[in-house]
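Visitor: Starting off with a structure, shown below.
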Amino acid sequence: MSLISDLFGKSPFGPLVEHSKTVHECVELIQPLLEALIREDYEEIHFLQDKISELEYQADCIKHEVREQLSKRYFMPVDKIELERFVRRQDKVADMVQDFAVILMIRNTKLHPSLHDQFFAFINQIFQVTGLLLNAAVEFQNLAEVSFSGAEARVVLSLLQGIGEEEWKADRLARTLSKSIYKLEGEEETLNIIFYEKMLLALGNIANQAENAGDILRTILVQQ
Amino acid sequence: MDIIIITAVALLGLYMAWNIGANDVANSMADAVGSKAISIKQAVILAGICEFSGAVLVGSHVTDTVRKGIVDPSLLASMPNITAPDAATMLVIGMTAALLSAAFWLHFSSWTGMPVSTTHSIVGAVAGFGIVAAGWESVNWGKMSQIVASWFISPVAGGLMAYVLFRFISKYILERDKPARAAIKFAPVVVFMMAAVLTLGTIYKGLKHVIKDIPWFTDDLALVLSLTIALACAIVSHIIIRKKLAGKEELPISKQLNYVEQIFTPIVIISSCAVAFAHGANDVANSVGPLAAVVHVISTGTIEMKVGVPFWILMLGGTGIVIGLATYGYRVMHTVGTDITEITPSRGVAADIAATAVVLICTRMKLPVSTTHTLVGAILGIGLARGLGGVNRAVTKKIFGSWIITVPAAAILAMILYQAGNFFLFDIIKSIILANGA
């Protein structure tokens, strides 16, 4: 009807910020999951797993929405392919949280008391990584406002620079935690130990994917 | 009897103006409504005021180009076997047919949803009349190609200018370490440019047309005057902005950017009004140009090279545009206002200033360009400057398509209507002209 309203494609940056927030909502449920595991409240774990699954689905929908808006017909201020890669990576973070929840759900595992603190410290470190990603990603609207360059872009870049270091710290914690897990050999059921290791790997993946997403965002900003 | 004819043609002019108001006006306020600076209702009211004053104050310049530039009426009179009254009659019927076919075509295309320009419709229709009435050679193809070239040039020029303006705003304000502080310094520069474009466009030709015969009001003086006004606006805006942004430079950059956009909000309202003003100035001629020709020929019985546009005709055009806006255009405004989600005031200002400048310059050069297409060009320019989340390139194809279709369609329609008019009305109108000429 109106030429001018035809001209405007929806910008993907609004949904992109929404996606970041939804993914982070998933991440925030890791702590309650672990607490429920320690309480051996398996019903709560089921409930949380359902919630995560729902959030993950929501994030998926938003991801598709973002992709639809990356149609070839539109001029974009940033590389469409990089943007698509970013949202895919960020979506993986939610997938990995879902994996972790599923591991807790499929078997009523008991967490050995000596591991409690170390697991909490580990997820805390993962939050450092995902938190940095969230803080950077929610700036997408503002980044669009400054055409992805200038002072605001530098602020976001400096946020992202910390992400690698935090992930490295998470890796180190994972290694010590892994050692502690295997020290339980003989003392704890083997099947339990296998599940501890599975949990550890799933959690490590969350931080990994978050770091990857952060790296793509960095590339986008550096390119400009 | 001639009163009946004039009334009939005036109603046609009104119908054409109604079409302009119904289709085009909403686009001119797009940046202000799109960036949520004003509500849709406010936009309708502001657009009405600006269109009307643009039409009445600056409106008369394109008028005779459309009528005379494309088809030379003296050629009609010099044709063999045609007397002067015959030629005058043909001109009356032809202009009426052109007006009617352009209005029909517009109505049809807005019904089918095609983005057709009012300017292009009337140009096509007048050319169609010329071809059928006096042959292929009667159309001034030099002028015609100039006009068609301006259709290409105006969106490109709008785009270039918007690109440069937006890069300026980006580089000197938004991308700075302290956008709030930078805005205090450089936002007044933007205000200066806007005020200069607007006052130059209005004073240079427009007001001089209304306030005639002031010997001291030379072009140079007009230039000095408008630059002075622009400077005054810049200084006032500087004082206001400094007050509004005081102490904001210590906030995080993202917060500062919000405040800076707020500074641009009133500016985008004014600049959108400027577009509406320029639109009124440019497009009113599409409806009243042919009408003025008909009225002149009927009341004097002669064909002259130049015809002044009476004030009442401009008023009629302005009124028609406002009625079109009030009865139908507000719906288009609603579409525009709710569909555009991603334009912020800083972008809107750059697009508006560029579009206004290009349209006013073209109006002065007597080149009838499409305001909407110029604005589209300007917005695309901002997209190219990486200022917009997503701009649909496919629109350019649509515009191109509408160019290719509109001119022939309006021309053919005008030819048919002209032949029909000749067949049924020739003798009646000729008798009126003979009576008035005698």
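Visitor: Just one of B:GLY94, B:GLY124 is over 24 Å from B:ILE6 (Cβ atoms), modelled with pLDDT of 85 or more, in contact with a helix residue (DSSP H, G or I) (Cβ under 6 Å, 6 or more places away or on another chain) and not hydroxyl-bearing (Ser, Thr, Tyr); which is it? Even if it seems obvious, please write down each step before you answer.
Guide: Working: B:GLY94 fails: over 24 Å from B:ILE6 (Cβ atoms).
Sole residue among the options that is over 24 Å from B:ILE6 (Cβ atoms), modelled with pLDDT of 85 or more, in contact with a helix residue (DSSP H, G or I) (Cβ under 6 Å, 6 or more places away or on another chain) and not hydroxyl-bearing (Ser, Thr, Tyr): B:GLY124.
Visitor: Name the single residue that is modelled with the lowest pLDDT among those in region B:240-258 being part of a helix (DSSP H, G or I) and surrounded by fewer than 11 Cβ atoms within 10 Å (Cβ to Cβ).
Guide: So, considering only residues that are part of a helix (DSSP H, G or I) and surrounded by fewer than 11 Cβ atoms within 10 Å (Cβ to Cβ), the one modelled with the lowest pLDDT is B:GLU250.
Visitor: Now, a different point. Among the residues of region B:125-161, write down those that are hydroxyl-bearing (Ser, Thr, Tyr) and either in contact (Cβ under 8 Å) with a residue 60 or more places away in the chain or not in a helix (DSSP H, G or I) (or both).
Guide: B:SER138, B:SER150, B:SER154 - these are the residues of region B:125-161 that are hydroxyl-bearing (Ser, Thr, Tyr) and either in contact (Cβ under 8 Å) with a residue 60 or more places away in the chain or not in a helix (DSSP H, G or I) (or both).
Visitor: Now, a different point. Within region B:297-321, how many residues are among the aliphatic types (A, V, I, L, M) and touching a Pro at 6+ places or on another chain (Cβ under 8 Å)?
Guide: Count: 2.
Visitor: Sticking with this one: Please tell me if B:ILE404 is assigned to a helix (DSSP H, G or I) and under 16 Å from B:HIS120 (Cα atoms).
Guide: yes
Visitor: Check off (1) within 14 Å of chain A (Cβ to nearest Cβ); (2) buried (at least 24 other Cβ atoms within 10 Å of the Cβ); (3) not aromatic (Phe, Trp, Tyr) for B:ALA385 and give me the number that stays unchecked.
Guide: The number of the failed condition is (2).
Visitor: Which one is nearest to the other protein chains (Cβ to nearest Cβ), of the residues in region B:349-382 that are of a type outside the set (A, V, I, L, M, F, W, C) and in a loop (DSSP other than H, G, I, E, B)? Let's see the steps before the verdict.
Guide: Within region B:349-382, the subset of a type outside the set (A, V, I, L, M, F, W, C) is B:352, B:356, B:363-364, B:366, B:368, B:370-374, B:377, B:381.
Okay, now just the ones that are also in a loop (DSSP other than H, G, I, E, B), so B:366, B:368, B:370.
Details: B:LYS366: 25, B:PRO368: 18, B:SER370: 10 Å.
Top of the filtered list is B:SER370.
Visitor: Here is a follow-up. Can you tell me which residue in region A:187-224 is farthest from A:LEU160 (Cα to Cα), limited to those that are of a type in the set (Ser, Thr, Tyr) and surrounded by fewer than 18 Cβ atoms within 10 Å (Cβ to Cβ)?
Guide: A:THR190
Visitor: Given the criterion among the small types (Gly, Ala, Ser), free of Cβ contacts under 8 Å to residues at least 12 places away in the same chain and within 20 Å of A:PHE13 (Cβ to Cβ), identify the matching residue among A:ALA94, A:ALA151, A:ALA137, A:ALA144.
Guide: Of the residues listed, the single one that is among the small types (Gly, Ala, Ser), free of Cβ contacts under 8 Å to residues at least 12 places away in the same chain and within 20 Å of A:PHE13 (Cβ to Cβ) is A:ALA151.
Matching residues to (1) of a type in the set (A, V, I, L, M); (2) away from chain A (no Cβ under 14 Å); (3) surrounded by fewer than 18 Cβ atoms within 10 Å (Cβ to Cβ):
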position: B:ALA394; (1), (2), (3): yes, no, yes
position: B:LYS398; (1), (2), (3): no, no, yes
position: B:GLY401; (1), (2), (3): no, no, yes
position: B:ALA410; (1), (2), (3): yes, yes, no
position: B:LEU413; (1), (2), (3): yes, yes, no
position: B:ILE428; (1), (2), (3): yes, yes, yes
position: B:ILE432; (1), (2), (3): yes, yes, no
position: B:ALA435; (1), (2), (3): yes, yes, yes
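The values are calculated or read from the model by the stated rules, or taken from the named source; none is laboratory data. Please read all numbers here as calculations on a predicted model, not as lab measurements. No Cβ is skipped: glycine too gets one built from the backbone with ideal geometry, and neighbour counts run over all protein chains shown.
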